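Accompanying notes for the structure given below.
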Amino acid sequence: MEASTKIPVYVQKGDCITPLGFGFEKNIEKVENGVSAISLNEANHIDSTPFYGATINPFVLEHRFSESNIKGVFTPLEKMMLLAVESIKKKYGKLFNEKCGLIVSSTKGNIQALENDDFSTYYLHQLAKKIGKTIGIDEEPVVLSNACVSGIMAISVAKRMIQVGRYDHVVIVAGDSFSKFVFSGFQSFQAVAEKPCQPYDEDRTGITLGEAAAAMFVTKDKKLFQEIPHFEILGDSSINDANHISGPSRTGEGLYRSVSNALKEAKINASEIDVISAHGTATNYNDEMEAQAFNRLQLEKKPLYSLKGYFGHTLGTAGLLETVVALGCAARNNIPQSIGYKKHGVTLPLNVTKEKIQKEVNVVLKTASGFGGSNTAVIFKKCGNHEK
Amino acid sequence: MKNSIVSYCNIKNNQVFLNGEKIFHDEEASEFLEFIKKAYKHFELDYPKFYKMDSLCKLAMVGGSVLLNQLDEVDSEMALVFSNKSSCIDIDRIHQASISENEGYASPANFVYTLPNIALGEISIKYKLRSENSFFIFEDFNPSFLVDYTTSLINLNKAEQVLCGWIEVFENEYNAFLFIAKEAEGLTLNKENLLKLI
């Protein structure tokens, strides 16, 4: 089987279910208006004291799910994921059995199952099969569980599997919910912020967790996207730091190499990147590491933002959700404000957006980093009406 | 040139095999953790961090080391592609029990292992591999996917060599099958050959 980088691979804008809204349009609108989903939560099943988080109201989720035509018994996470992929199913469902793959991206899936020591819904392959069966993809689903880069790495895996000839199209569905399992873990690291997270800010004290689902359709058939904004995946890479399992490399080595490789494959210079949708978790180490890597890449003057101030850190969804929003904003020639950033708080310069910018955006760099030393970079280029 | 399986390691039933040849057998250990510690000592891996690791990382570390230690030189860009069924269920249950029992207080030493790709990170650190890392989950060993993904990494110039395979552990049931694939003469990298070797 011959793989060819010459086969171009495309993505459309995708869709998402977040506490900001159910559906792409609502989310883009809120992000463009600088609205955050982070609020003070009182939820005893997560913590005995109030905490900041970006959580989906369970009653709203139930209501919206009951309005859909989806039949079956599902966990809240599965409902989020099914609602996120619904518009893709409507539009491209007829292709779901023509060399169409399904990639499910999640770190912990239905982890709440373990609270009762019940394994019946713990397994990620079960979650993926349920999604596949419900939306009508017969091909065995692939679960990607690679910490906080899972969502963006899924796009990279989809592209590679199309270029190697296994699939013509890939549906990606990402989801992670707000769980005591993860919240208590980040608390034990003293990594949870007492206020809504402030990526790259001097006063940042850590992360705010969130929950969301996102979906995207990836294809080699450009014709499918003729009438809608779409992007070509120009280059991608995921290089491990080989430094520490729970902290990033101080020099940003893995991220630096990931972006360098992606640029090389894309055959473009760093100067051609218009905007960076970065990881920006608001921990001291992560944001500093990104500043190191982006300066080594001479990308420090490029407009850069983190969406964690809007959605919190949504773990295995984050990379996909942030790509959906980044491409959505780019399609409208907008660069969103990086919420929470007031005073520069990393030791090297970065051009973090303090307000929304309206300008032509053609090339988008999306990056993410995560536990286990993982990093991913993917470069997207606008096609369609804006093609030069 | 074609992509081939150049070496492989199996760990199952208290035994470790390298390229089909039995290189360690412990007849006494009745539990996974006891067996894997004996294997670690037998191969003189001398990596004290091993003792802090969860079951999945311990299994990955022994399997990965058996394959990588036999090489004259380890390619620092060798990609890692692992897969299993149960993610990191053992440490997930330990973390869950600790937060249920201790009013929500967790141990960071456990929490850090509650992601399956940590096993890739541990091997990357030990062998200084700055390379492509991905962890996939399937109901069963999925040779066709692993062949295609490994092929894509090699043919798209993401890596020249790939350490790939299945690494499953749930309490005392475990099975590891790891192999190195690269462009070379030898046993062709395909689904049929992988099914014979696991």
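Answer yes or no: is there a residue in the stretch A:209-223 that is in contact with a Ser or Thr (Cβ under 9 Å, 6 or more places away or on another chain) and within 14 Å of chain B (Cβ to nearest Cβ).
The answer is yes, given that some residue of the stretch A:209-223 is in contact with a Ser or Thr (Cβ under 9 Å, 6 or more places away or on another chain) and within 14 Å of chain B (Cβ to nearest Cβ).
Being at pLDDT 95 or above, within 11 Å of chain A (Cβ to nearest Cβ), buried (at least 24 other Cβ atoms within 10 Å of the Cβ) and more than 24 Å from A:Phe371 (Cβ to Cβ) is the requirement here; does B:Leu189 meet it?
Criteria met by B:Leu189.
Check the stretch A:271-286 and report whether any residue there is over 21 Å from the mean Cα position of the chain (by Cα) and over 18 Å from A:Cys148 (Cα atoms).
Yes, that holds for at least one residue.
Looking at B:Cys9, is it in contact with an Asp or Glu (Cβ under 6 Å, 6 or more places away or on another chain), closer than 30 Å to B:Asn190 by Cα and of a type outside the set (D, E, K, R)?
In short, no.
Can you name every residue in the stretch B:54-77 that is touching an Asp or Glu at 6+ places or on another chain (Cβ under 7 Å) and within 10 Å of chain A (Cβ to nearest Cβ)?
B:Cys57, B:Glu77
One residue is enough: does the stretch B:88-95 have a residue meeting the conditions more than 7 Å from chain A (Cβ to nearest Cβ), in contact with a Cys (Cβ under 9 Å, 6 or more places away or on another chain), not in a helix (DSSP H, G or I) and not hydroxyl-bearing (Ser, Thr, Tyr)?
yes
Of the numbered conditions (1) under 24 Å from A:Thr314 (Cβ atoms); (2) in contact (Cβ under 8 Å) with a residue 40 or more places away in the chain; (3) more than 9 Å from every other protein chain (Cβ to nearest Cβ), A:Phe96 satisfies every one except a single condition; which is it?
That leaves (1) as the condition not met.
Which residue, of A:Lys354, A:Lys366, is in the same structural domain as A:Ala262 (by TED's automatic domain parsing) and in a strand (DSSP E or B)?
A:Lys366
Quick check, is A:Ile239 among the aliphatic types (A, V, I, L, M), within 14 Å of chain B (Cβ to nearest Cβ) and either out of contact with any strand residue (DSSP E or B) (no Cβ under 8 Å at 6 or more places or on another chain) or surrounded by fewer than 24 Cβ atoms within 10 Å (Cβ to Cβ) (or both)?
No, not satisfied.
State whether one or more residues within the stretch A:191-199 are within 14 Å of chain B (Cβ to nearest Cβ), surrounded by fewer than 24 Cβ atoms within 10 Å (Cβ to Cβ) and free of Cβ contacts under 8 Å to residues at least 12 places away in the same chain. Spell out how you get there, then give the answer.
Narrowing the stretch A:191-199 to residues within 14 Å of chain B (Cβ to nearest Cβ): A:191-192.
Checking the rest, the ones that are also surrounded by fewer than 24 Cβ atoms within 10 Å (Cβ to Cβ) come to A:191-192.
Keeping just the survivors that are free of Cβ contacts under 8 Å to residues at least 12 places away in the same chain gives none.
Taking every residue of the stretch A:191-199 in turn, none turns out to be within 14 Å of chain B (Cβ to nearest Cβ), surrounded by fewer than 24 Cβ atoms within 10 Å (Cβ to Cβ) and free of Cβ contacts under 8 Å to residues at least 12 places away in the same chain.
Answer yes or no as to whether B:Leu80 is within 9 Å of chain A (Cβ to nearest Cβ), outside any loop (DSSP other than H, G, I, E, B) and of a type in the set (A, V, I, L, M).
Yes: the conditions hold for B:Leu80.
Answer yes or no as to whether A:Leu255 is at pLDDT 95 or above, farther than 26 Å from A:Leu209 by Cβ and not charged (D, E, K, R).
Details: at pLDDT 95 or above: yes; farther than 26 Å from A:Leu209 by Cβ: no; not charged (D, E, K, R): yes.
Here the answer is no, as A:Leu255 does not meet what is asked.
If you scan the stretch A:39-76, which residues turn out to be buried (at least 16 other Cβ atoms within 10 Å of the Cβ) and either within 14 Å of chain B (Cβ to nearest Cβ) or free of Cβ contacts under 8 Å to residues at least 12 places away in the same chain (or both)?
A:Ile46, A:Asp47, A:Phe51, listed by residue number.
Counting only residues that are in the same structural domain as A:Phe186 (by TED's automatic domain parsing) and touching a Gly at 6+ places or on another chain (Cβ under 9 Å), give me the helices (runs of 4 or more DSSP H) lying completely in the stretch A:17-115 with at least 2 of them. Steps first, answer last, please.
Details: elements: A:24-32, A:58-67, A:76-92.
Helices (runs of 4 or more DSSP H) meeting the threshold: A:24-32, A:76-92.
The values are calculated or read from the model by the stated rules, or taken from the named source; none is laboratory data. Just so it is clear, the structure is predicted and the values come from calculations on it, not from any experiment. Here Cβ is always computed from backbone atoms with ideal geometry, including for glycine, and neighbour counts include all displayed protein chains.
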